[in-house]
1. Restricting attention to the range 128-138, and to residues there that are touching a strand residue (DSSP E or B) at 6+ places or on another chain (Cβ under 9 Å) and open to solvent by 20 Å² or more (accessible area, probe 1.4 Å), which single residue is nearest to Trp165 (Cα to Cα)?
2. Consider Ala146 carefully, then state whether it is part of a helix (DSSP H, G or I), open to solvent by 20 Å² or more (accessible area, probe 1.4 Å), small (Gly, Ala, Ser) and farther than 30 Å from Glu35 by Cα.
3. Taking the range 50-102 only, how many residues are part of a loop (DSSP other than H, G, I, E, B) and surrounded by fewer than 21 Cβ atoms within 10 Å (Cβ to Cβ)?
4. Going through Ala102, Ala54 one at a time, which residue ends up being within 15 Å of the chain's Cα centre (by Cα) and modelled with pLDDT of 95 or more?
5. Between a residue in the range 30-46 that is within 20 Å of Pro65 (Cβ to Cβ) and open to solvent by 70 Å² or more (accessible area, probe 1.4 Å) and any residue that is among the β-branched types (Val, Ile, Thr) and assigned to a helix (DSSP H, G or I), which pairs come within a Cβ distance under 6 Å, given they are 6 or more apart or on different chains?
6. Do the conditions hold for Asp180, that is, is it at pLDDT 90 or above and surrounded by 14 or more Cβ atoms within 10 Å (Cβ to Cβ)?
7. Can you report the number of residues in the range 34-51 which are under 16 Å from the mean Cα position of the chain (by Cα), among the polar types (S, T, N, Q) and under 28 Å from Ile186 (Cα atoms)?
8. In the range 112-127, which residue that is without any contact (Cβ under 8 Å) to a residue 24 or more places away in the chain and over 11 Å from Asp68 (Cβ atoms) is least open to solvent (accessible area, probe 1.4 Å)?
Amino acid sequence: MPGVAARLGVGHSTLYRYVDNREALVRLAVELVAERTVWPSAGPAWRALLTGFADALWGACEAFPGLDEAILTTPGTPRVMVDLLTGYGGALVGAGLTPRDAAVAVDFVADLVFSSSVAMRGLDRRLPDAAGGSSTARERYRRAWARESAGRHPFEAEFTAEETWHGRGWFDDKLDIFLDGLATRIAPDRAASPGPSTEENA
């Protein structure tokens with residue numbers, strides 16, 4: 001709270017005229033991010049919808065460092081997100097998912113984004129070593145797998161690949177596996193249905 005007050009150029013006590021505590025301030029910040037983020041429209045293509053939702057969330061985490069942890073640790077959902085996800089849910093149900101599967105799908109995608117974002121950012125943290133120096137968590141993981149995977153199954157080589165430890169890591173692969181599985185739960189008689197229009201879910 002003192003840090004935010006200093007950035008705003010006001011006294012510490014001034015903030016408490018607008019918010020009761022730090023948690024309330026974080027919720028307001030999350031709400032502001034939600035309002036400023038460009039979200040995909042709730043069209044009938046369910047896979048494209050969930051992929052676009054994931055991309056928008058990941059972009060928000062990159063644009064606003066700390067957003068991922070704030071959302072995972074601060075209870076509450078901004079009204080703009082409730083309205084947005086209600087529209088997404090309607091589109092997913094229209095595409096053939098049950099209401100529960102639709103709800104779990106959007107929640108799973110969001111959880112996957114936030115946990116993966118926290119994990120990838122955490123790879124940059126530096127850890128002290130026995131020699132008095134330090135190395136990043138990323139370097140330690142890669143060294144461990146490089147030692148263990150020498151001459152062994154190609155599976156283990158995936159853990160030493162450069163792209164595994166940078167950018168979005170395995171996030172897109174994990175999302176694809178989930179979406180492939182979700183496709184098996186689409187009602188067969190609804191899979192070819194055009195689904196509701198964007199206007200119907202607005």
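The values are calculated or read from the model by the stated rules, or taken from the named source; none is laboratory data. Given the structure is predicted, the values throughout are model-derived calculations rather than measurements. Glycine also receives a Cβ, built like all others from the backbone with ideal geometry; neighbour counts cover every protein chain displayed. Note: areas computed on protein heavy atoms with side chains; ligands, DNA, RNA excluded. Shrake-Rupley method; radii C 1.70, N 1.55, O 1.52, S 1.80 Å.
1. Across the range 128-138, the extreme among qualifying residues is Ser134.
2. yes
3. Summing the residues that are part of a loop (DSSP other than H, G, I, E, B) and surrounded by fewer than 21 Cβ atoms within 10 Å (Cβ to Cβ) in the range 50-102 gives 10.
4. After applying the criteria, what remains is Ala54.
5. Glu35/Val80
6. Numbers: at pLDDT 90 or above: yes; surrounded by 14 or more Cβ atoms within 10 Å (Cβ to Cβ): no.
So Asp180 does not fit the description; no.
7. Final tally of qualifying residues: 1.
8. Keep residues of the range 112-127 that are without any contact (Cβ under 8 Å) to a residue 24 or more places away in the chain, which gives 122, 124-127.
From what's left, over 11 Å from Asp68 (Cβ atoms): 124-127.
Details: Asp124: 86, Arg125: 123, Arg126: 136, Leu127: 50 Å².
Per the stated criteria, the residue is Leu127.
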